[in-house]
Amino acid sequence: MASSLLKVLIQLQLLSPAKLFRFAQAARQDGINLMLLFSLTIKSGSGKIALVDSRETLTYAQLNERCENLSVQLKEQYNFEAGQKVAFFCRNHASLVQALFAASRLGAKLFLLNSSMTVSQFNRMVEEQNFDFLIYDEEFTGLIESSNYAREKLLSYHEYKPAVSSLVRLKRYGKMGLKAVSGSQIVLLTGGTTGKPKQVVHQPSIFTFVQPFCALLDRLRLSRYQTAFIATPLYHGYGIAILLALFALGKKVVIQDRFEVAAACSLIREHRVEVATVVPLIVHKLLQHNAEDLRSLKCIASGGAKLNPILVEEVKQRLGNVLYNLYGTSEAGLNMIATPEDLASNPDTLGRLLRGEKLKVMADGKETENGVAGKFVILNSWSMKNRGARWIDTGDTGYRDSQGYYFFCGRTDDVIVCAGNNIHPLDVEAAAAAHPFIADIAVIGIKDAYRGQSLKAFVQCTPGGTLDEKELTGWLRTQLADFQVPREIVFVDELPYTSVDKLDRKKLQGGELHLLERRL
């Protein structure tokens, strides 16, 4: 721990007496909250660009000043108090970032909401969380006005109504006597659009996250690069964690309100982006649109979903050894990283554990041997603060090999039991994805009177590719065990994905693809 902390202090250039004094002074004056990150860059790199979105470009000095202005306005005009529950219903943009930092400065509890939720889902959160304040994008006005939310709210952007975009420009000198406040928390609401949401509370602190931060420096070599593009939503744990790490390092961060592949490729080319944080589907879309725009990338950090070995090889062939695989959960934070070298040997590995972390692979109440799949149970110091037990059950299954590499099999609730055989859909999907005419595939379990469950596959063919059920079934029998071959195959124009580009298996289970089906 001590060596990791020393490494972080060196990377943040905090070992000089002047910088240590400035950091300590900022902590004493303002408290320990997100605004403390700006004390690392505001003096030595105040002219450096901090944030680029579709509306504006802000330096670290400008971003710091605006966040300070906004914190005063929220205190004066809206009576913000420490401990208030502030919800953010926003896309990725500068107003969201500024509002997060300003509310954290006042000691608020920050709730990041999934921007794809429905009125009923939003109502459920309002009822369960009892938010004190809401900051939202204008596009969600209709949803909010038809909801049960009745407390104070503020727009992120507006030309003449009160909004974050105007309040950040109202200067107040001397911070108007704001007291130092610590204890602000970031709350992620998992399952916000697919099930009952669960609170995941994290305390934003450089020192709490020393080990994962050190891993990002060591394995992704983040300190070498100057410009990063965050393609994932900031309301997702992956997105906000990377944003804070990049700000701590004084890097230039590029974001867009929502991911659009053509605009993303243009941004990467225009800003000569070196680091991109993505999910696998985004990597695929970027490569398909224009790989030439991606030549500046030195590090593609993929997380949030399983990497397909075919995609790993495609990235290597077209862009070189730039792909990293990150495994983490909202509850347990970042847990493993696979480097390009790791993926060259094991293209489907999650990588190795971070230092200072323990992981058990459990089955039938005991740890499994190497190569035997089980449930991932994790213990580390940077997990959610409101966990009920020391060890966190991730809900993911996988195994460890003799070299200490980990591999992902699937979710515990995705396992299909067919005639006594436990089948992981991802195993079937990975085998099927090797077919040259298959662009995407999803496998689910359906009720079967004799087997308990049987497999149903939804297949999206490549443009111009033609397949029928008999042909595909015959080919799959050469790749899989008989009990793993789907008994039903449905061809669709496209598969459903969530707002964070994860395959939406619940929609498949709910039969919502009937309009897309084209049975052959």
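The values are calculated or read from the model by the stated rules, or taken from the named source; none is laboratory data. All of these numbers come straight from a predicted model, not from anything done at the bench. Glycine gets a Cβ as well: all are built from the backbone with ideal geometry, and neighbour counts include every protein chain shown.
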* Asked: Within the bounds of the range 306-319, is there any residue that is in a strand (DSSP E or B), crowded, with 21+ Cβ neighbours inside 10 Å and over 15 Å from the mean Cα position of the chain (by Cα)?
  -> no
* Take the residues in the range 150-161 that are closer than 19 Å to Arg66 by Cα and either without any contact (Cβ under 8 Å) to a residue 60 or more places away in the chain or within 25 Å of the chain's Cα centre (by Cα) (or both), then tell me which one is surrounded by the most Cβ atoms within 10 Å (Cβ to Cβ). => Ser156
* Structure fact -> Scanning the range 216-228 for residues that are among the hydrophobic types (A, V, I, L, M, F, W, C) and surrounded by fewer than 24 Cβ atoms within 10 Å (Cβ to Cβ), the one farthest from Val278 (Cα to Cα) turns out to be Leu217
* Asked: So, of the residues in the range 102-124 that are within 19 Å of the chain's Cα centre (by Cα) and either within 30 Å of Leu178 (Cα to Cα) or aliphatic (A, V, I, L, M) (or both), which turns out to be modelled with the lowest pLDDT?
  -> Met117
* Structure fact -> For the range 111-138 the number of residues that are farther than 21 Å from Asn92 by Cα and of a type in the set (Gly, Ala, Ser) is 1
* To do: Can you run down the residue pairs with Cβ atoms below 8 Å, 6 or more apart or on separate chains, where the first is in the range 290-312 and at positive phi and the partner is polar (S, T, N, Q)?
  => Gly304/Thr232
* **Considering residues of the range 476-493 that are among the charged types (D, E, K, R) and within 34 Å of the chain's Cα centre (by Cα) only, the residue nearest to Pro425 (Cα to Cα)** => Glu488
* **Listing of strands (runs of 3 or more DSSP E) fully contained in the range 365-483 that carry 1 or more residues being at pLDDT 90 or above** => 374-379, 392-400, 406-411, 438-448, 452-461
* If a residue has to be in contact with a Lys or Arg (Cβ under 9 Å, 6 or more places away or on another chain) and polar (S, T, N, Q) to count, how many in the range 439-472 make the cut? -> 2
* One residue from Glu367, Glu429 being of a type in the set (D, E, K, R) and either under 22 Å from Ile310 (Cβ atoms) or out of contact with any strand residue (DSSP E or B) (no Cβ under 6 Å at 6 or more places or on another chain) (or both) -> Glu429
* **Selected residue (criterion: nearest to Val273 (Cα to Cα)) from residues of the range 70-83 that are surrounded by 20 or more Cβ atoms within 10 Å (Cβ to Cβ) and either at pLDDT 95 or above or not aromatic (Phe, Trp, Tyr) (or both)** => Leu70
* Mind listing whichever residues of the range 64-90 are under 23 Å from Lys251 (Cβ atoms) and outside any helix (DSSP H, G or I)? => Phe88, Cys90
* Asked: When you go through Ala61, Ala50, Ala99, Ala103 one by one, which is the residue that is among the small types (Gly, Ala, Ser), in a helix (DSSP H, G or I) and over 21 Å from Leu188 (Cβ atoms)?
  -> Ala61
* **Residue pairs meeting the criteria (Cβ under 7 Å; at least 6 apart or on separate chains; first closer than 19 Å to Lys507 by Cβ, in the range 451-464; second in a strand (DSSP E or B) and acidic (Asp, Glu))** => Lys456/Glu488; Gln460/Asp440
* Asked: Considering only helices (runs of 4 or more DSSP H) fully contained in the range 207-285, which possess at least 2 residues that are closer than 18 Å to Gly351 by Cβ, outside the structural domain of Ala439 (by TED's automatic domain parsing) and touching a residue at least 24 places away in the same chain (Cβ under 8 Å)?
  -> 210-219, 237-248
